[in-house]
Structure formats: C-alpha cells, structure tokens
Amino acid sequence: MTKKLAGYKDNDVELCRTTNGRVGEKTAMALMEQRIPFSKSLKVIPFFKRKKYEGADKIWIISINPRRYSQARRTIDALDRVYRERLVLSNY
C-alpha cells in the first residue's frame, strides 16, 4: 500500500475521452512530449449502450490536474485535425 503525500488531494479532472485507441495513444504521446502529467483509464461500454457509442466496446478517458488544464488544451489544439475530431473534450 502506498502513502499519499501530505496535502495531496486526488482532484484530477477529465480532459477528454475517445473510443479510438490510436487517437488515445496519440493524445497521450502529445501530452508526454509537453511534460504534462496525466492518467489514462479504460472503461468497458456495456453491450446495451454501445449503440450510443457507434458500436465501440471501450472508451479511453484522459484526466489531468486542473492546474495544467489550459496547457493540456493548447497541446490538444495543436494536434492534427483528424485526431482532434475523434476526441470529446470536457468543458472544465
């Protein structure tokens, strides 16, 4: 079991989500190049909700610290249009 740092709060906010694994990897690489810390999680979409997600069975969610949100959004804005269009950005 790991200890949490004193004063540390687990307050990450969602930056974006996508059902395309390649887009998730490209976004993660762009954030790493800019040295922006993030966490990436994978959720399985229940069978009966897949129609809403155009048949996708998984969704990748990228979360960041709220203090780095504007820097991360600028990084995403610099991505190629093909990748940006496949991301659902949060409105934090």
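If the condition is being within 17 Å of V88 (Cβ to Cβ), out of contact with any helix residue (DSSP H, G or I) (no Cβ under 7 Å at 6 or more places or on another chain) and polar (S, T, N, Q), then region 40-75 contributes S41, S63. For F48, the conditions (1) modelled with pLDDT under 95; (2) part of a helix (DSSP H, G or I); (3) open to solvent by less than 100 Å² (accessible area, probe 1.4 Å) are fulfilled apart from (3). Taken together, N11, N20 contain a single residue that is at negative phi, at pLDDT below 95 and open to solvent by 70 Å² or more (accessible area, probe 1.4 Å), which is N11. Looking at region 34-71 only, could you name the residues that are within 18 Å of N11 (Cβ to Cβ) and under 10 Å from the mean Cα position of the chain (by Cα)? Once the filter is applied, which keeps residues that are within 18 Å of N11 (Cβ to Cβ) and under 10 Å from the mean Cα position of the chain (by Cα), region 34-71 yields F38, S39, K40, S41, I61, I62, S63, I64. Only residues that are closer than 17 Å to T19 by Cα, part of a loop (DSSP other than H, G, I, E, B) and open to solvent by less than 60 Å² (accessible area, probe 1.4 Å) were counted across region 52-78, and they come to 2. Can you find even one residue in region 28-35 that is assigned to a loop (DSSP other than H, G, I, E, B), over 15 Å from L89 (Cα atoms), out of contact with any helix residue (DSSP H, G or I) (no Cβ under 9 Å at 6 or more places or on another chain) and open to solvent by less than 100 Å² (accessible area, probe 1.4 Å)? Checked against the condition, which is being assigned to a loop (DSSP other than H, G, I, E, B), over 15 Å from L89 (Cα atoms), out of contact with any helix residue (DSSP H, G or I) (no Cβ under 9 Å at 6 or more places or on another chain) and open to solvent by less than 100 Å² (accessible area, probe 1.4 Å), region 28-35 yields no hits at all.
The values are calculated or read from the model by the stated rules, or taken from the named source; none is laboratory data. Note that the coordinates shown come from a computational prediction; the quantities given were computed from them, not determined experimentally. Here the Cβ is made from the backbone with ideal geometry for all residues, glycine too, and neighbour counts use every protein chain on show. In case anyone asks, the SASA skips ligands and DNA or RNA and just uses the protein heavy atoms, side chains included. Shrake-Rupley method; radii C 1.70, N 1.55, O 1.52, S 1.80 Å.
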